[in-house]
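The values are calculated or read from the model by the stated rules, or taken from the named source; none is laboratory data. Keep in mind it's a predicted model, so treat the numbers as computed, not measured. So basically every Cβ, Gly included, is an ideal-geometry build from the backbone, and we count neighbours across all protein chains shown.
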Amino acid sequence: MAQRTLTGRCLCEKVTYQVDLPATEPEPKVILCHCTSCKRYTGSSFSSNLVLPQPSMTYTQGAPKIHLCPSDRELPVRREFCGDCGTPLTSQPGDNQSIIIVKWGTLDDEHREWCGTLGAEIYCKRRDEWVGEIGSVRGVEGMK
């Protein structure tokens, strides 16, 4: 099996990235994080993430801004985001430099589809109650 490549970008498309996954790396699964820090970082009830080996990701255009965010662990979380549009791109725990946490929503469409299996949820004690109602309320296909 050959190396697999994922690509993604920020909302304004000034920052793009590529992830080259070794053939031996299992298919990444989505991990939802309900911690307060991720909620604030994404402006949502949770953050959708792919945990990947750090050396596999490179920026192919532009450069993100960096914010070191306090965490409930000893070292801060490094957060990278587009300085122009504000799109959150990655997180990296200070105590584990071997991984990079890529924000799933920034992947290009075809790669979001390929990496679209939910693998886990973390910080579930902070999950907002209404999250369990997703899928049980009326849904529409667009903003009509």
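Numbers below:
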read-out: Boolean, residue 142 is of a type in the set (Gly, Ala, Ser), closer than 24 Å to residue 9 by Cα and surrounded by 11 or more Cβ atoms within 10 Å (Cβ to Cβ); value: no
read-out: Residue pairs meeting the criteria (Cβ under 8 Å; at least 6 apart or on separate chains; first under 24 Å from residue 64 (Cβ atoms), in region 15-34; second among the aliphatic types (A, V, I, L, M) and in a loop (DSSP other than H, G, I, E, B)); value: 15/63
read-out: Tally of residues being part of a loop (DSSP other than H, G, I, E, B) and either free of Cβ contacts under 8 Å to residues at least 12 places away in the same chain or within 19 Å of residue 58 (Cα to Cα) (or both) across region 87-129; value: 7
read-out: Residues of region 8-19 that turn out to be touching a Ser or Thr at 6+ places or on another chain (Cβ under 8 Å) and either of a type in the set (A, V, I, L, M) or surrounded by fewer than 15 Cβ atoms within 10 Å (Cβ to Cβ) (or both), as a count; value: 5
read-out: Residue that is aliphatic (A, V, I, L, M), closer than 13 Å to residue 59 by Cα and in contact with a strand residue (DSSP E or B) (Cβ under 8 Å, 6 or more places away or on another chain), where the choices are 19, 30; value: 19
read-out: Members of region 52-74 found to be part of a loop (DSSP other than H, G, I, E, B) and surrounded by 14 or more Cβ atoms within 10 Å (Cβ to Cβ), listed by number; value: 62, 64, 71
read-out: Boolean, residue 14 is assigned to a loop (DSSP other than H, G, I, E, B) and in contact with an Asp or Glu (Cβ under 9 Å, 6 or more places away or on another chain); value: yes
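One line per residue, one yes/no per condition, for (1) over 11 Å from the mean Cα position of the chain (by Cα); (2) at pLDDT 90 or above; (3) under 27 Å from residue 130 (Cα atoms); (4) charged (D, E, K, R):
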position	(1), (2), (3), (4)
30	no, yes, yes, no
49	no, yes, yes, no
55	yes, no, no, no
69	yes, no, yes, no
74	yes, no, no, yes
86	yes, yes, yes, no
101	no, yes, yes, no
108	yes, yes, no, yes
